[in-house]
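K.L.:
Pasting a structure here, questions to come.
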Amino acid sequence: MEKIKYLIKERAQGVKIPENLGFGLIYTDHVFEMDYDPAKGWHNPTIKPLENLSIHPATMFIHYAQSIFEGLKAFKTRSGEAVIFRADRHIDRLNRSAKRICIPEVDPDFLMYALTELIAIEKDWIPTRDGEALYIRPVVYGSDLFLGVRPSTRYKLVIMLSPVGAYYPEGFVPVKILAQDDYVRAVRKGMGECKTPANYAASLLAGQKAKEQGFTQVLWLDGIEQKYLEEVGTMNIFVQFKGEVATPKLTGTVLPGVTRESVIQILHDKGYNVTERLISINEIVTEYKKGNVLSIFGTGTAAVISPVGLLSYKGFEMKFDYTDSNVLAAELFKEISAIQRAEIVDRYNWLTYADKKSVEV
Ligand SMILES: *Cc1c(COP(=O)(O)O)cnc(C)c1O
């Protein structure tokens, strides 16, 4: 792979991170970009000032959604080092998504190197208050100009960065979710396990209707029978039964979340009986009535852990009292946040340190 080209903009005034960050509203000065064509492969890796992409209206991905993305986070440790959480797993997943929709894979070692270089250069943009992080958004899209349907022959990869605020600025707020059977997100052998924009487009209407009824998120049921739990909104889901913490198994329709993987590992090592299996909505209703469902929570990079306060299915409301029954969600949130900020020992080797190597800004 060729060397990265650095076009770094001087920052006379330094970096000023705004107070109220929200999510995905503010972008840092620089991006990483590279291009693919069949003759050169991935080439022209560059770290450069953020600027608009200039896109011809015939650019393939805006018509046929041949695009993939990732979402991961960088943090600053107490001693001021920049770290990225589980970057290798996200790069891995980017390449798995790429394969499914005919996008050429990227050399994972090179991408890891490019990512650490970018984070090192943009380190001053990492916010440090509780719950804050630098959100990393890689995206790859087909860039041929063509109105017919086939895989693009050329691609662009962009990594942009966005300082984000605490997901729960007022503390851990349980969400209200609606299990519905009017719409499905994905079906087996489709693209449900890929991080690709089309899955999000498929989810919007159900999400909007749930919001109109006062719910925060949709609980997705399987695409064939609308019987088995899949995901909640854009998060994976865990159900804490008496004596078992269960999460839907990866049948091809569920996004294999990195947070999901981390939670499974932590629970397993703490001695919980954690299972990956089919969980039907009827099982939840039956067990809830017997008092056997202690808590439900979602997992994902943005929120880390999101406790469910209310689950509604066909008009039957199941309530989970956060203060006494959802202790597990709070514990997991604390533990993962502490690992991410290197406040406790990184016992799983989940952090990649991004230090300035070849460049000085
Ligand atoms: C990204 C994503 C998740 C969560 O994955 P993480 O790797 O934990 O951030 C879950 N579901 C969907 C549909 C997603 O796109």
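The values are calculated or read from the model by the stated rules, or taken from the named source; none is laboratory data. If you're wondering where the values come from, they're calculated on a predicted model, not measured in any experiment. Here Cβ is always computed from backbone atoms with ideal geometry, including for glycine, and neighbour counts include all displayed protein chains. All accessible areas refer to the heavy atoms of the entire protein, side chains included, with ligands and DNA or RNA removed. Shrake-Rupley method; radii C 1.70, N 1.55, O 1.52, S 1.80 Å.
K.L.:
Sorted by accessible area with a 1.4 angstrom probe, largest first, how do Leu7, Leu115 fall?
P.N.:
Leu7, Leu115
K.L.:
In square nanometres, what is one fourth of the surface area of the convex hull spanned by the alpha carbons of the range 130-220?
P.N.:
Projected over every direction and averaged, the Cα hull of the range 130-220 covers 8.9 nm².
K.L.:
Which of the aspartates and glutamates could a cross-linker bridge to Lys314, judged by Cα under 12 Å and excluding same-chain residues fewer than eight apart?
P.N.:
Excluding near neighbours in sequence, the set is Asp181, Asp182.
K.L.:
With springs only between Cα atoms under 10 Å apart, run a GNM on the chain and tell me which of Ala302, Ala338, Ala133 wobbles the most.
P.N.:
Among Ala302, Ala338, Ala133, the largest mean-square fluctuation in the Gaussian network model of the chain belongs to Ala338.
K.L.:
Using helices alone, what [θ] at 222 nm do you get for the chain, with -39,500 (n - 2.57) per DSSP H run of 4 or more residues, divided over all residues and rounded to the nearest 500?
P.N.:
After summing the helix terms and dividing by residue count, I get -7500 deg cm²/dmol.
K.L.:
Looking only at the range 175-325, where both bridge partners belong to it, what percent of the DSSP beta bridges are antiparallel (to the nearest 5)?
P.N.:
The answer is about 65 percent antiparallel.
K.L.:
Still on this model: Could you work out which residue, out of Gln240, Gln13, Gln340, moves most in a Gaussian network model of the chain, that is, has the largest mean-square fluctuation with Cα springs under 10 Å?
P.N.:
Comparing Gln240, Gln13, Gln340 in a Gaussian network model of the chain, the most mobile one is Gln13.
K.L.:
How big is the Kirkwood radius of the chain, worked out from every pair of different alpha carbons and given in Å to one decimal?
P.N.:
21.6 Å
K.L.:
Work out, in µm²/s and without decimals, the Stokes-Einstein translational diffusion coefficient of the range 39-118 at 10 °C, 1.306 mPa s, Rh from Kirkwood over C-alpha pairs.
P.N.:
106 µm²/s
K.L.:
Among the trypsin sites (Lys or Arg not before Pro) within the range 103-211, which fall in a DSSP loop and have no more than 13 other Cβ atoms within 10 Å of their own Cβ?
P.N.:
Here the sparse-neighbourhood loop sites are Arg129, Arg188, Lys189.
K.L.:
Sticking with this structure for a sec: With every protein chain left in place and a probe of 1.4 Å, what is the accessible surface of Asp321, to the nearest 10 Å²?
P.N.:
Accessible area of Asp321: about 80 Å².
K.L.:
Among Ile55, Ile266, Ile279, which one moves the most in a GNM of the chain with springs linking Cα atoms closer than 10 Å?
P.N.:
Checking each option, the largest mean-square fluctuation is seen for Ile55.
K.L.:
Ignoring ligands and nucleic acids, what accessible area does Ser280 show with a 1.4 Å probe (Å², nearest 10)?
P.N.:
Roll a 1.4 Å probe over it and Ser280 shows about 20 Å².
K.L.:
Sticking with this structure for a sec: Which of Lys40/Lys195; Lys209/Lys289; Lys3/Lys99; Lys211/Lys289; Lys195/Lys242; Lys123/Lys156 have a Cα-Cα distance over 30 Å?
P.N.:
From Lys40/Lys195; Lys209/Lys289; Lys3/Lys99; Lys211/Lys289; Lys195/Lys242; Lys123/Lys156, over 30 Å: Lys195/Lys242.
K.L.:
Dimensions of the range 175-325 along principal axes (Cα, Å, largest first)?
P.N.:
38, 32, 28
K.L.:
Continuing with the same structure: Leaving ligands and nucleic acids out of the surface, order Asp346, Asp181 by accessible area at 1.4 Å, largest first.
P.N.:
Correct descending sequence by accessible area is Asp181, Asp346.
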